[in-house]
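Scroll down for the structure; my scribbles are underneath it.
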Amino acid sequence: TRLSTLYPHIPPSAIESFHAHLASSTRVLALLGAGLSASSGLPTFRGAGGLWRTHEATDLATPQAFSADPGLVWQFYSYRRHMALNVKPNMAHYALAEFAKKMPGFQTLSQNVDGLSPRAGHPAEQLKLLHGSLFDVKCHNFFCNYVETANYTDPIVPALALPTDEDVDLTTNAAREASREARELDIADISVALPDVPETALPHCPSCGGLLRPGVVWFGESLPAGVLETVDAFLEDPLGVDLILVIGTSARVFPAAGYIEIARSRGARVAVINTEMDLPPGQLTKDDWFFQGDAAVIVPELLR
Ligand code: BV8
Ligand code: ZN
């Protein structure tokens, strides 16, 4: 097959056995991670220059960080909104969307907040965004339930417009380091170079006047209730699960990563698609498939 020529290390027998199993499957899960969008041009969290490599970036995805410095956290998310809006879904996003249309028993669990699966036309009822979306915003006040979905305004407020190199005061040494190259690679530097954004200039709730926040799930926050229930129902179905595709994820964030072992306990075989063997040790058994390489190349071949 084309895949064997592109990736000679993948034995044709593995592809054939995978296709045979897929053809006899009716209930299939896919767990998606940042690696799926890597080929579209979005940095992963653990890749070179990953968002989490610098401590600040890790801290930014928490309620504490937002309460402490909403301007900085909004700069982080505004930058990621901008990046995500300026890239396109890749062939794997489209292949997953087309496959969902062919298999009603296929459910996609995405950890990605980049909006690329929805933009690829993935049927909404077969796509669970476990960690929300960069393009949802909601009120920060717990008593207010104001939510905006599909807010693609970039920048979301003028004060969050990304600086061009001219704007950034490159006279200071720190700002010089936060050059465009560094900014592109590592989010934490951007906070060095950007001027503070006053809270009054941040997005505010039209309903209660409070601050709006990105509609993503931060660390320490629970996943959207409806999503958890739907995933649990799928996993608890007496019909069991035939297969789980684990695509472009280091499977270290929970409860999302926990779905792999739960699916296995419901009878699923596991197919990992990743540029490296990145799963925690022991997570792969001899019954599993490991297709090493770019998801954007491998997934379309596996789902054809
Ligand atoms: C919860 C949205 C509890 C935001 C994200 C201590 C304190 C507090 C919590 C915890 C704690 N210890 C553990 C926890 C639980 C915590 C957690 O799991 N922490 C981890 C770090 C251990 N989880 C939580 O806090 C969750 N909530 O537990 O709440 C609770 C319960 C009840 C009631 C109240 C509270 C919430 C977790 C959600 C966090 N939000 N995202 C944002 O994006 O800014 S997580 C974020 O990072 C992503 O969504 C994603 O999930 C994760 C990154 O993982 P990946 O997608 O896998 O990306 P990564 O870079 O790691 O890997 C990329 C992979 O792709 C690599 O393997 C690479 O090899 C591969 N790859 C690269 N290129 C390619 C490729 N593969 C194929 N092709 C390529 N081209
Ligand atoms: Zn409000």
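The values are calculated or read from the model by the stated rules, or taken from the named source; none is laboratory data. Since the model is a prediction, treat every value here as computed from it, not as a measurement. Cβ coordinates were reconstructed from backbone atoms using ideal geometry, including for glycine residues, and neighbour counts include every protein chain displayed. Just the protein is used for accessible areas: all its heavy atoms, side chains included, with ligands, DNA and RNA removed. Shrake-Rupley method; radii C 1.70, N 1.55, O 1.52, S 1.80 Å.
Things to note:
- Within straight-line reach of LYS88, meaning a Cα separation under 24 Å, sit the following lysines at least 8 residues removed in sequence or on another chain: LYS101, LYS102, LYS128.
- Accessible surface area normalised per residue over segment 104-167 is 46 Å², counting heavy atoms of protein chains with a 1.4 Å rolling probe.
- Reported to the nearest whole Å, the Cα centre-to-centre distance from segment 246-297 to segment 76-104 is 20.
- Accessible surface of segment 214-304, 1.4 Å probe, proportion on carbon and sulfur as whole %: 56
- Sulfur and carbon atoms: percent of accessible area, segment 11-158 [1.4 Å]: 59
- Ranked by how many other beta carbons lie within 10 Å on average, peptides 75-83, 18-26 from highest: 75-83, 18-26
- Protein-only accessible surface order, largest first, of MET91, MET103, MET277 at 1.4 Å: MET91, MET277, MET103
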